[in-house]
């Protein structure tokens, strides 16, 4: 798979859940169990279809299907998710090698996630990955802008001193790919299960395993 870039990017922006750590289904399992307490019996895969936006939006989607959530539901579900993540989630196979290649090539990288800084720290510190980002972590909770709004990626690029046109985003969700598109950033969509049509439809170049990514980035 040859690089589709004319030159190496000046910044690579990674999503966290599903790109750095394999945590997406852990979230969905906790949410599905929680919704069952409030009268909505759905599968983790159905929760996944709600998207990767704000937690309150996920709650709204559940309520439209009949869940009767309490007023403090967002706080409750975060407590349950954090407790699950404390047990640990695996690092995506091959992604640490990608970070090594970026460092060797002198290409900066950062994280930009709809998740909170606390949640990212819980997941990444347990796996020894947190220090790899050296403080270059941008959370929608801190900035107040959630994907698919492009503002989170734009903020990350500005903070890192790089123009949007010189950035590449690595995403696994339709929400994230749409945010990259709106930010006018090139995007590679990680679809390990081969279900990348939705990402491709929003303009992402889809790849199936992290071993392909260095070549795509021109490293």
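Below is a table of values for the structure above.
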item	result
Within segment 158-178, considering residues that are assigned to a loop (DSSP other than H, G, I, E, B) and either modelled with pLDDT under 95 or touching a strand residue (DSSP E or B) at 6+ places or on another chain (Cβ under 6 Å) (or both), the one nearest to residue 16 (Cα to Cα)	172
The lone exception for residue 83 - which of (1) at pLDDT below 95; (2) part of a helix (DSSP H, G or I); (3) crowded, with 20+ Cβ neighbours inside 10 Å it fails	(3)
Any hit, segment 179-192, residues being assigned to a helix (DSSP H, G or I), modelled with pLDDT under 95 and at negative phi	no
Hey, residue 12 part of a loop (DSSP other than H, G, I, E, B), closer than 18 Å to residue 173 by Cβ and modelled with pLDDT of 95 or more or not	no
Qualifying residues in segment 49-60 (those that are in a helix (DSSP H, G or I) and crowded, with 18+ Cβ neighbours inside 10 Å) - the one modelled with the highest pLDDT	59
Residue 98 being surrounded by 13 or more Cβ atoms within 10 Å (Cβ to Cβ) and within 30 Å of residue 165 (Cα to Cα)	yes
Total residues in segment 193-211, condition within 27 Å of residue 105 (Cα to Cα) and buried (at least 16 other Cβ atoms within 10 Å of the Cβ)	5
Search result, residues across segment 86-105 that are in a loop (DSSP other than H, G, I, E, B) and in contact with a strand residue (DSSP E or B) (Cβ under 9 Å, 6 or more places away or on another chain)	89, 90, 92
Residues that are part of a helix (DSSP H, G or I) and crowded, with 21+ Cβ neighbours inside 10 Å, drawn from segment 106-132	119, 120, 122, 123, 124
Test result for residue 177, closer than 23 Å to residue 94 by Cβ, touching a helix residue (DSSP H, G or I) at 6+ places or on another chain (Cβ under 6 Å) and buried (at least 24 other Cβ atoms within 10 Å of the Cβ)	yes
Criterion violated by residue 149 - all others in (1) buried (at least 23 other Cβ atoms within 10 Å of the Cβ); (2) part of a loop (DSSP other than H, G, I, E, B) satisfied	(1)
Subset of segment 134-183 (residues that are free of Cβ contacts under 8 Å to residues at least 60 places away in the same chain and farther than 30 Å from residue 45 by Cα)	134, 135, 136, 154, 155, 158, 159, 161, 164, 165
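The values are calculated or read from the model by the stated rules, or taken from the named source; none is laboratory data. Since the structure is predicted, the reported quantities are computational estimates derived from the model, not experimental observations. Heads up, the Cβs are rebuilt from the backbone with ideal geometry, glycines too, and the neighbour counts pull from every protein chain shown.
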